[in-house]
Amino acid sequence: MVLCLSRSEYILIAILAVLKAGACYVPIDPGFPNDRISYVLENSQTKLVLTNEEYLAKFSTIQQTDASTNSDILAIDSIFIY
């Protein structure tokens, strides 16, 4: 799992959820260039990217330019819990 989140309460929630699930995560700084993010996604062979809504466009651009990065992208701050 890859976490690409801005500094907010969502990053703490995401880290705790990943660790509680027994998974591991690779942190990515949202300020990284697209080539570096694409490299990390390709080499980690991640299945899921947790990010903020503001970075969804960045990840969709990366997936369009690099076909080997076919991860699911989920905006953690758009999930509604009732």
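The values are calculated or read from the model by the stated rules, or taken from the named source; none is laboratory data. None of these values were measured; they are calculated from a predicted model. Cβ placement follows ideal geometry from the backbone for every residue including glycine, while neighbour counts extend to all protein chains displayed. Note: areas computed on protein heavy atoms with side chains; ligands, DNA, RNA excluded. Shrake-Rupley method; radii C 1.70, N 1.55, O 1.52, S 1.80 Å.
General observations
- Hits in segment 1-18 (condition: over 23 Å from Asn70 (Cα atoms) and aliphatic (A, V, I, L, M)): Leu12, Ile13, Leu16
- So Glu54, is it among the charged types (D, E, K, R) and over 21 Å from Asn70 (Cα atoms): no
- Leu41 vs. criteria at pLDDT 90 or above, of a type outside the set (S, T, N, Q), part of a helix (DSSP H, G or I) and open to solvent by less than 50 Å² (accessible area, probe 1.4 Å): yes
Yes or no, residue by residue, for (1) aliphatic (A, V, I, L, M); (2) assigned to a strand (DSSP E or B); (3) open to solvent by 70 Å² or more (accessible area, probe 1.4 Å):
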{"position": "Ile15", "(1), (2), (3)": "yes, no, no"}
{"position": "Leu19", "(1), (2), (3)": "yes, no, yes"}
{"position": "Cys24", "(1), (2), (3)": "no, no, yes"}
{"position": "Asp29", "(1), (2), (3)": "no, no, yes"}
{"position": "Glu54", "(1), (2), (3)": "no, no, yes"}
{"position": "Lys58", "(1), (2), (3)": "no, no, no"}
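- Subset of segment 13-29 [of a type outside the set (Gly, Ala, Ser), over 16 Å from Asp72 (Cβ atoms) and at pLDDT 90 or above]: Ile15, Leu16, Leu19, Lys20, Cys24, Pro27, Asp29
- Selection of first residues in segment 58-82 that are within 11 Å of Cys4 (Cβ to Cβ) and at pLDDT 80 or above and of second residues that are open to solvent by 50 Å² or more (accessible area, probe 1.4 Å) and aromatic (Phe, Trp, Tyr), restricted to Cβ pairs under 6 Å at least 6 apart or on distinct chains, gives the following pairs, ordered by first then second residue: Ile76/Tyr10.
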